[in-house]
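Report on the following structure.
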Amino acid sequence: MNTVLRDLSYGLRTLARNPGFAAVAVLTIGIGIGASTTIFSWMRPMLLNPLPGATQAERIVAIENMAPDGEPITTSYLDFRDFRDNLKLVNLVTARVGVGNVFSVGDAPRTTQVWGEMVSGGFFDMLGIQPEAGRFFSDAERDDAQNAHAVVVISHSYWKNQYHSDRSAIGASLHINRTPFTIIGVAPEGFHGTTSGLDYEMWMPLTMYGQLTHTGTWMLRDRNARYFVMYARLAPSVTMEQARAEVQALANRMAVADADSNQGIGATVLPVWQSHFGTQSILLTPITILMGASGVVLLIVCANLANLLLARATGRLKEFSVRLAMGARPMRLIRQLLTETLLMAVAGSVCGLMLANLLGGALRWLIPAVAGPAMLQPPLDGQVLAFTMALAFGVAILAGLAPALHASRANVNEMLKEGGRSGSSGAQSHRLRGLLVASEVALAVIALVGAGLFLKSFQTARAINPGFKPEGVALARFDFSTAGYDARQTDSYCRRLREQLERQPGVTAVSYDDSAPLGFSGGNWETLEVEGYVPGPNENMKIYRDLVSPGYFETMKIPLVEGRDFDLRDDATSLKVMIVNQEFVRRFLANRSVIGRKVHGWGEWFTIVGVAKDSKYHRVTESPQPYFYIPIRQVFRPEYGLTFDVRTGGSVNEAIAALRREATAIDPALTIFDAEPMTEYVAASLFGAKIAASLLSVLSGLGLLLAAIGLYSVMAYAVAQRTGEIGIRVTLGAQPRDIMRLVIRQGLAFAAAGLVVGSLAAAALARVVAAMLVGVGPADPQVYAAAAAFTALVTLASAAIPAWRALRVDPAVALRWQ
């Protein structure tokens, strides 16, 4: 212990005598560790801790249904009940509605929007958490009786902000969607719900769905109403594979017993972080890529630090020689140098944690507003601290070991002879530093190529024609169920608002629908039966759709290639009609004449009256898929939600203001969500690619900057060591361009080696992510050429500055120095 303390004390004194070197090293380490820690803090809630606060969270799993073609789908309440009541290897099967709901809380017109989850009765027992105050759902509140348990559990933050942590809040009444609820408990601090990284503030029994949405009890009684996500806890000693086999076996029996709704539908069990319904399904891949990129930056930091340590060790050759000559063992010297490196790494990790704390909440600015609740600030807790400390030790070993070994293995006489008055580290040290610089350049090229591929992929995806024109369209979302509207009231409100908006200056078209294209949500679908078409054994007939008002196709500029548009006569009392897209015709009707053909859905037969041109519905990168449209007045229910679209020839912002103004004038209590230009709304479909492209660009730029600094330091040191040689060359008549060429050639040699190795490594790694690229191949020549040119330009600048300094050498001073 005394030896360690002496090493630490000596290391601190040594660094204190070289504050400039220590500051540069600590700052470099801080940048690298800060980037990695920030990305890790984003990844941890999705991968390592998706259910913070839960007991034995690794035993909690997601149960998902699968369509006949293997596509993951949500489940119905009746199916959930069958899983809950019949599974033996998983306990406490619970369900929630989708990814959460927004509720109108308070008395109209002064209401606030609050995001919450509607969950089944055993939800909190499944998670294994205890209330901070009050209680969770009782046995009596866990049955399947609908609209019988108007109780709510609030989050710790909501309790603190709205009730000042007063326990008298328990038993208080709270109006949610104009329905009185009683607060029965407060969730523990740190628990935010079951969607990774999102902040929910209240939980209500799922059986209150009909009351909260004012839609009656049909949804929980319809096996085709698949709006629910399931979780469960593995029984003791049960493996994931055993649970998966039992769940699939039960799903097979359900597919036979309820063939009209479940034929061909399977089920599986997955870890929560692998489930397909939540933020992790969208963010996990880009954040994993960013984690790899931050690792590349950290390796560049290690190489940079190793170069700095080698340069510093050169100035300490006499010290090392004396210590070795006096009997110090090489291992003692190695330990001392590694201790000094570790001190800098620990200081750098503190800076990195400060940087991560500043950048931790940056992810929320990249998430579109339509995504739902606010993103949580990732906590810098024990796991993040342990990760940061591990990085610090890793940096110390990777960066400090090579310089320490290099200094300790040298022969004392040779070191003194080679170092001489100049303190030169000799050819061996120079080669090692050159190798480190080449490694830095290679790693920077890998990062640049990755960023270039994803950036070009993102730009290509943005340029894809979506099949409609979002430019010039203002959009606003409404949830009529929060205001207690029924279908008739909703229809009346929409018609009044449409008439008012059509009178506004510049407005050319107004329509509304329930599934705006290219949004964050996955859209809505319905199981169809097409007259005359026999599905294949594993064919998925759950087809996505949109409920639209008359004039929708004109507003969105989607051409009708055959038949007619909907009109006001297509209401609940008229013939049920449908418009399908071109892919629907190709897939199910063999390109035959389709007008008048029948399609069965919602328990009724619809007649096709038109064909719309194909467009993009969920992602701009998707391949053509069958899609259909239904008149909104024939099927719409208030709980579906609704989006108003206003096309204007003037300012979109003015159209948004008019939309807000006219909507409020009709009903001030009705909440408007996400009023924005449609161009911003549809950008949500690309936000995963946007995150990868934008942050990879930042990380690659940072990596190249660090590589340039490393090259500059090596070249500046080489010029200093060759001062005498340069003076002799100048004395003998060397021209400035000769000196410039001499220095720059050496720098470009290092960079060229790194450029070649980095390009080859990037080409190999790019094949791993090729499936995630849009319109660009893993070996795109333009990207590689741009990366090479940019690297060469930065390298040239890094070498040119020391070369310019070499030109200013006074031959007389140089010869005297030599």
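List of remarks:
- Residue match in region 484-496 (condition: among the aliphatic types (A, V, I, L, M) and open to solvent by less than 30 Å² (accessible area, probe 1.4 Å)): no
- When region 439-481 is filtered for residues that are assigned to a helix (DSSP H, G or I), in contact with a Pro (Cβ under 9 Å, 6 or more places away or on another chain) and more than 30 Å from Asp667 (Cα to Cα), the ones remaining, listed by number, are Leu453, Phe454.
- Single residue of region 23-48 satisfying the filter (touching a Gly at 6+ places or on another chain (Cβ under 6 Å) and over 21 Å from His192 (Cα atoms)) that is surrounded by the fewest Cβ atoms within 10 Å (Cβ to Cβ): Val26
- Listed by first and then second residue, the pairs with beta-carbon distance under 6 Å, at least 6 apart or on different chains, first residue in region 530-557 and farther than 14 Å from Thr508 by Cα, second among the small types (Gly, Ala, Ser) and assigned to a loop (DSSP other than H, G, I, E, B), are Asn540/Ala67; Lys542/Ala67; Tyr544/Gly523; Asp546/Ser515.
- Options Leu765, Leu773; residue that is out of contact with any Ser or Thr (no Cβ under 9 Å at 6 or more places or on another chain), under 22 Å from Phe454 (Cα atoms) and either open to solvent by less than 40 Å² (accessible area, probe 1.4 Å) or modelled with pLDDT of 85 or more (or both): Leu765
- Qualifying residue in region 616-638 (condition: in contact with a strand residue (DSSP E or B) (Cβ under 7 Å, 6 or more places away or on another chain), open to solvent by 20 Å² or more (accessible area, probe 1.4 Å), of a type in the set (Phe, Trp, Tyr) and touching a residue at least 60 places away in the same chain (Cβ under 8 Å)): yes
- Within region 165-194, residues that are within 20 Å of Ser104 (Cα to Cα) and aromatic (Phe, Trp, Tyr) sit with their Cβ atoms under 6 Å from residues that are open to solvent by less than 10 Å² (accessible area, probe 1.4 Å) and at pLDDT 95 or above, at 6+ positions apart or across chains, in these pairs: Phe181/Val152.
- For region 227-254, a residue qualifies if it is touching a residue at least 24 places away in the same chain (Cβ under 8 Å), more than 22 Å from Thr179 (Cβ to Cβ) and surrounded by fewer than 21 Cβ atoms within 10 Å (Cβ to Cβ), and the qualifying residues are Leu234, Ala235, Val238, Met240, Gln242, Arg244, Glu246, Leu250.
- Selection status of Ala303, of a type in the set (A, V, I, L, M, F, W, C), modelled with pLDDT of 80 or more and part of a helix (DSSP H, G or I): yes
- Which listed residue, of Thr207, Thr217, is modelled with pLDDT under 90 and within 21 Å of Phe103 (Cα to Cα): Thr217
- Region 477-497, residues that are at pLDDT below 85 and under 35 Å from the mean Cα position of the chain (by Cα): Asp479, Phe480, Ser481, Thr482, Ala483, Gly484
- Residues satisfying the stated conditions in region 106-119, i.e. more than 25 Å from the chain's Cα centre (by Cα) and open to solvent by 10 Å² or more (accessible area, probe 1.4 Å): Gly106, Asp107, Ala108, Pro109, Arg110, Thr111, Thr112
- Looking across region 635-665, the residues that are modelled with pLDDT of 90 or more and of a type in the set (Lys, Arg) come down to Arg647, Arg660, Arg661.
- Residue count for region 692-706, restricted to those that are free of Cβ contacts under 8 Å to residues at least 12 places away in the same chain and open to solvent by less than 10 Å² (accessible area, probe 1.4 Å): 0
- Pair list, Cβ < 9 Å and 6+ apart or interchain, from region 490-503 residues that are β-branched (Val, Ile, Thr) to residues that are not in a helix (DSSP H, G or I): Thr490/Phe478; Thr490/Phe636; Thr490/Arg637; Thr490/Leu642
- All helices (runs of 4 or more DSSP H) inside region 631-703 with 2 or more residues being farther than 25 Å from Ile39 by Cα and of a type in the set (D, E, K, R): 652-666
- In region 597-614, residue nearest to Tyr552 (Cα to Cα) [restricted to those that are open to solvent by 40 Å² or more (accessible area, probe 1.4 Å) and touching a strand residue (DSSP E or B) at 6+ places or on another chain (Cβ under 6 Å)]: Lys613
- Single residue of region 33-63 satisfying the filter (within 22 Å of the chain's Cα centre (by Cα) and part of a strand (DSSP E or B)) that is nearest to Ser281 (Cα to Cα): Ala62
- Criterion violated by Arg226 - all others in (1) in contact with a strand residue (DSSP E or B) (Cβ under 8 Å, 6 or more places away or on another chain); (2) at pLDDT 90 or above satisfied: (2)
- Selection status of Val530, closer than 14 Å to Arg647 by Cβ, crowded, with 20+ Cβ neighbours inside 10 Å and hydrophobic (A, V, I, L, M, F, W, C): no
- Trp525 satisfies every condition listed in (1) among the hydrophobic types (A, V, I, L, M, F, W, C); (2) open to solvent by 30 Å² or more (accessible area, probe 1.4 Å); (3) within 23 Å of Ala461 (Cα to Cα) except (3).
- Taking the criterion of being part of a helix (DSSP H, G or I) and under 22 Å from Leu198 (Cα atoms), the residues of region 124-162 that qualify are Phe124, Asp125, Met126, Leu127, His156, Ser157, Tyr158, Trp159, Lys160, Asn161, Gln162.
- The residues of region 164-181 that are surrounded by 18 or more Cβ atoms within 10 Å (Cβ to Cβ) and part of a helix (DSSP H, G or I) amount to a single one, Ala169.
- Gln504 surrounded by fewer than 18 Cβ atoms within 10 Å (Cβ to Cβ) and farther than 30 Å from Ala789 by Cα: no
- Residue match in region 672-687 (condition: more than 26 Å from the chain's Cα centre (by Cα), open to solvent by less than 30 Å² (accessible area, probe 1.4 Å) and modelled with pLDDT of 75 or more): yes
- Test for Gly20: is it modelled with pLDDT under 85, open to solvent by 40 Å² or more (accessible area, probe 1.4 Å) and part of a loop (DSSP other than H, G, I, E, B): no
The values are calculated or read from the model by the stated rules, or taken from the named source; none is laboratory data. In this text, all values refer to a predicted model and were calculated from it rather than measured experimentally. FYI the Cβ positions are ideal-geometry reconstructions off the backbone, even for glycines, and counts take in every protein chain you see. The accessibility values were calculated without ligands, DNA or RNA, using every heavy atom of the protein model including side chains. Shrake-Rupley method; radii C 1.70, N 1.55, O 1.52, S 1.80 Å.
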